[in-house]
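Okay, structure first, notes after.
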Amino acid sequence: MLASCRTTLALGLLALSLTAQAQTVYRWTDDEGLTHYGHAVPAEYRARGYERLGPDGRVLERIAPEMTPEERAEKATREALQARLELEQENEAARDRLLRAAYRSEQDLQENLDWRIHGLDTQQTALEASLAHSRQRFEDLVARAASLNRQDEKVPDELDESIEAAREEIRRLNDAIRDIESRKAETRARFEADLERYRALTRDPSR
């Protein structure tokens, strides 16, 4: 009796499976653009995409065509651009939060700028003092070498090396001063951008 029940159940499940398969219809197009229907999509047409239809003809599922290498590359580019845009938006929102948290007023922004510029000015003043000292030392060394030349005496290698070292020090200090000037310009430009953004944020508290 038990074996008979199991056999009946198995046959019932098989019948349901066959019925479901019989009711599943696929729709696809061939290379000529002609539409076909069937219970299975030929392998050579699956990459073109197809639809699975229900017993009443409604579309139950759409399988998109496989993308070409060019389409995949284009999709990857779009996704990368979208990801970068979202990251930029997140970074901008984070900067806005920091800006509003750090400053209570435009005066706070101005005072912060003044403090930063003062620090850079202090560094530049020290560099310019060192530069003046290095130039004086360079001139003294060159004058000593010139005096030896006038006396037809050989300029010692140590003196030549000292002159070259002084020249290199002057070059280094000039580069450092130019860097300070550049940083001051960048600081002022950043202040102007922050001030403009701060005004926009405080005009619209919801942002």
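Readers should treat all values here as calculations from the given coordinates under stated rules, not as data from a laboratory. Values in this document were obtained by computation on a predicted structure and should not be read as measured data. Note that each Cβ is placed from the backbone with ideal geometry, even for glycine, and that neighbours are counted across all protein chains shown.
So here's what we get for this one:
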item: Of all residues making up region 77-108, the number that are among the hydroxyl-bearing types (S, T, Y) and either exposed (fewer than 10 other Cβ atoms within 10 Å of the Cβ) or within 14 Å of R197 (Cβ to Cβ) (or both); result: 1
item: Any hit, region 85-106, residues being of a type in the set (S, T, Y) and touching a residue at least 12 places away in the same chain (Cβ under 8 Å); result: yes
item: Scope region 141-166; condition assigned to a helix (DSSP H, G or I) and either hydrophobic (A, V, I, L, M, F, W, C) or within 23 Å of I177 (Cα to Cα) (or both); matching residues; result: L141, V142, A143, A145, A146, L148, L159, S162, I163, E164, A165, A166
item: Hits in region 150-163 (condition: closer than 25 Å to L131 by Cα and surrounded by fewer than 12 Cβ atoms within 10 Å (Cβ to Cβ)); result: D157, E158, E161
item: Any hit, region 106-127, residues being of a type in the set (V, I, T) and within 18 Å of E186 (Cβ to Cβ); result: yes
item: Near pairs, Cβ below 8 angstrom, 6+ apart or cross-chain, from region 154-182 (in contact (Cβ under 8 Å) with a residue 40 or more places away in the chain and within 25 Å of H118 (Cα to Cα)) to any residue that is of a type in the set (G, A, S) and part of a helix (DSSP H, G or I); result: L173/S130; L173/S134
item: Residue under evaluation L99, criteria (1) within 30 Å of D175 (Cα to Cα); (2) touching a helix residue (DSSP H, G or I) at 6+ places or on another chain (Cβ under 7 Å), criterion not met; result: (1)
